[in-house]
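Colleague: I am attaching a structure below and will ask some questions about it afterwards.
The values are calculated or read from the model by the stated rules, or taken from the named source; none is laboratory data. Predicted, not measured: the structure shown is a model, and the values here were computed from it. Here Cβ is always computed from backbone atoms with ideal geometry, including for glycine, and neighbour counts include all displayed protein chains. To get the accessible areas, we keep the full protein, side chains included, count just its heavy atoms, and leave off ligands, DNA and RNA. Shrake-Rupley method; radii C 1.70, N 1.55, O 1.52, S 1.80 Å.
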Amino acid sequence: MELYNLLKLTQRYISEHYSSALIDNSKSTELKAYIGKYLYDTGYTVDGYDRNSLIERLFCEMAEYSILTKYLTDPDIEEININGWDDVALTHLDGHIEKAAEYFFTPGHAVDVVKKLLQHSGMIIDNATPIAQGHLPNNTRVTALKEPIVDSDRGIAVSIRMLHPARVDREKLLQSESISEEMLSFLEMCIRYGVSFVVAGRTSSGKTTLLNSLLGSIPDGKRIYTIESGARELSLIKRDKDGRVRNNVVHTLSRPSDNPSYDISQEDLVMAALRFDPDVICVGEMRDAEAHSAVEASSTDHTVVTTVHGGGGKYAHRRIAFLSQRRFPIDMRISLQQAALAFPIVVFAHKLEDNSRKVMDITECIVHDGGELEYRTLYRYAIHSNEYTDGVFSIKGEFVKENAPSEILRQKLMRGGVPEELIRRFEEGGEQK
């Protein structure tokens with residue numbers, strides 16, 4: 001018979017005779033045995049499946065996440081996009097996208113599976129709440145939309161983004177040529193010695209990957225306080241061979257609530273961070289009024305690093321200023337000055353057409369006494385050629401040093417404790433690749 005019809009019959013049988021196996025995750029072996037018994041007793045089969053593979057598929061439908069299960073644990077997949085019940089697109093780590101061969105049985109089936117995904121974070125999606133954000137335990141973020149926002153015949157639209165912490169380190173950033181060694185060392189010096197900065201770029205440009213690596217370079221004795229929304233994407237805990245935590249990290253997540261009075265926002269967590277005496281505060285992404293609190297925290301001489309959706313240089317500061325205005329709508333020129341003073345360094349990350357991720361530039365902003373903003377490019381990725389041959393993009397370029405850090409930035413780093421010979425290295429420059 002058809003797989004979907006067999007699934008409904010098997011679920012009914014298990015619910016009537018072995019219901020505890022459906023709700024107890026520790027009874028997965030028993031559940032598979034009950035499914036096998038039902039198939040043996042009835043003799044039901046499905047074209048394309050032998051007995052063992054059919055048991056696994058039915059188990060996956062009842063106890064796991066249907067066709068999504070194998071993709072959620074695939075280390076080569078970065079994002080799963082459900083465009084509709086019969087259209088699932090997979091984005092791989094190298095950037096190429098392919099359509100999954102399988103899809104859900106019906107629009108309702110797709111909605112049911114996504115509801116199960118969202119249960120992990122206590123989130124609900126229904127006609128009254130058609131937008132939901134949640135997360136899975138393995139550094140996976142889920143954003144879902146259902147009708148009436150999407151067409152009823154499509155069922156649901158979902159973005160599932162997976163972070164692979166084991167892949168995020170200094171060596172792999174350099175191997176992928178996302179950034180040069182000198183640029184990476186410069187940013188490591190900034191975060192270690194008290195210079196706040198923002199990493200700007202669009203979705204999937206490598207902002208969080210870079211931030212993970214930079215935060216991992218901070219000495220274990222320094223306290224890091226992270227603030228994220230929806231899902232844990234930063235993975236910073238280090239353990240020794242005995243399993244004991246070596247470094248000093250506080251991870252926090254904002255918590256939305258159906259009752260606004262019980263909401264715990266990123267803004268609330270930024271204010272709480274100041275009471276933990278942190279050496280570095282990391283706001284995973286600025287997207288709302290928490291931008292004002294992050295600017296305030298940096299302005300009180302705390303080291304704050306964060307990401308924002310936007311372009312490099314002045315465009316990142318404009319975005320931060322606009323977000324800050326949601327809390328305190330003051331003169332835009334003053335908001336821009338505050339953003340630039342809070343985050344004097346802007347790192348612009350970008351995903352190119354050949355699917356490579358590059359740090360396109362690192363910019364310093366100087367706020368002069370009269371309030372004028374001067375932007376100076378310290379490093380940039382210079383593109384020499386773009387070619388498109390037989391459906392394949394080929395982009396060639398190199399990392400170039402444009403300017404040395406300003407005297408203002410030099411003095412700030414010296415005050416933070418940077419050895420003079422280290423600062424001199426960036427003043428003199430180094431070979432770029």
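Colleague: Please verify whether the range 159-174 includes one or more residues that are of a type in the set (S, T, N, Q), open to solvent by less than 20 Å² (accessible area, probe 1.4 Å) and closer than 21 Å to residue 350 by Cβ.
Modeller: no
Colleague: If I filter the range 143-156 for residues that are under 18 Å from residue 76 (Cα atoms) and open to solvent by less than 50 Å² (accessible area, probe 1.4 Å), do I get at least one hit?
Modeller: No, there is no match, as no residue in the range 143-156 is under 18 Å from residue 76 (Cα atoms) and open to solvent by less than 50 Å² (accessible area, probe 1.4 Å).
Colleague: Please pick out the residue among 341, 253 that is buried (at least 16 other Cβ atoms within 10 Å of the Cβ), touching a strand residue (DSSP E or B) at 6+ places or on another chain (Cβ under 6 Å) and either modelled with pLDDT of 85 or more or farther than 27 Å from residue 192 by Cα (or both).
Modeller: 341
Colleague: Kindly indicate whether any position in the range 43-62 is open to solvent by less than 60 Å² (accessible area, probe 1.4 Å) and either of a type in the set (D, E, K, R) or touching a strand residue (DSSP E or B) at 6+ places or on another chain (Cβ under 7 Å) (or both).
Modeller: Within the range 43-62, one or more residues are open to solvent by less than 60 Å² (accessible area, probe 1.4 Å) and either of a type in the set (D, E, K, R) or touching a strand residue (DSSP E or B) at 6+ places or on another chain (Cβ under 7 Å) (or both).
Colleague: Suppose the filter is surrounded by 20 or more Cβ atoms within 10 Å (Cβ to Cβ) and farther than 29 Å from residue 361 by Cβ; does residue 195 pass it?
Modeller: No, not satisfied.
Colleague: Which pairs turn up if I take residues in the range 161-180 that are within 30 Å of residue 144 (Cβ to Cβ) and look for partners that are modelled with pLDDT of 70 or more and assigned to a helix (DSSP H, G or I) with beta carbon separation below 6 Å, at least 6 apart in sequence or on another chain?
Modeller: Correct list of pairs: 168/209; 168/212; 168/213.
Colleague: Is it fair to say residue 4 is in a helix (DSSP H, G or I), among the aromatic types (Phe, Trp, Tyr) and under 19 Å from residue 154 (Cβ atoms)?
Modeller: So residue 4 passes the test.
Colleague: Can you find, within the range 110-143, the residue that is farthest from residue 393 (Cα to Cα) among those that are in a loop (DSSP other than H, G, I, E, B) and modelled with pLDDT under 85?
Modeller: 122
Colleague: For the range 23-36, how many residues are surrounded by 15 or more Cβ atoms within 10 Å (Cβ to Cβ) and aliphatic (A, V, I, L, M)?
Modeller: So the count comes out to 2.
Colleague: Continuing with the same structure: I'm told residue 333 meets every condition in (1) open to solvent by 80 Å² or more (accessible area, probe 1.4 Å); (2) at pLDDT 90 or above; (3) under 21 Å from the mean Cα position of the chain (by Cα) except one. Can you identify the failing condition by its number?
Modeller: Result: residue 333 passes all but (3).
Colleague: I need the full set of residues from the range 51-97 which are among the charged types (D, E, K, R), closer than 30 Å to residue 20 by Cα and touching a residue at least 40 places away in the same chain (Cβ under 8 Å), in order please.
Modeller: Hits for the range 51-97 are 57, 61.
Colleague: I'm trying to understand the selection: among the residues of the range 376-424, which are of a type in the set (S, T, N, Q) and in a helix (DSSP H, G or I)?
Modeller: 411, the sole residue that qualifies.
Colleague: Please determine whether any residue of the range 342-350 is assigned to a helix (DSSP H, G or I) and under 22 Å from residue 214 (Cβ atoms).
Modeller: Within the range 342-350, one or more residues are assigned to a helix (DSSP H, G or I) and under 22 Å from residue 214 (Cβ atoms).
Colleague: Moving on. Within the range 85-96, does at least one residue satisfy the condition of being under 30 Å from residue 357 (Cβ atoms), open to solvent by 70 Å² or more (accessible area, probe 1.4 Å), in a helix (DSSP H, G or I) and charged (D, E, K, R)?
Modeller: no
Colleague: Please verify whether residue 410 is more than 13 Å from residue 180 (Cβ to Cβ), loosely packed, with under 13 Cβ neighbours inside 10 Å and without any contact (Cβ under 8 Å) to a residue 24 or more places away in the chain, treating the condition exactly as stated.
Modeller: no
Colleague: Does the range 98-109 contain at least one residue that is free of Cβ contacts under 8 Å to residues at least 24 places away in the same chain and in a strand (DSSP E or B)?
Modeller: yes
Colleague: I've got another one for you. If the requirement is being closer than 21 Å to residue 347 by Cα, touching a residue at least 24 places away in the same chain (Cβ under 8 Å), of a type in the set (Asp, Glu) and open to solvent by 20 Å² or more (accessible area, probe 1.4 Å), which of these qualifies: 364, 398, 374?
Modeller: Only one candidate passes the filter, namely 398.
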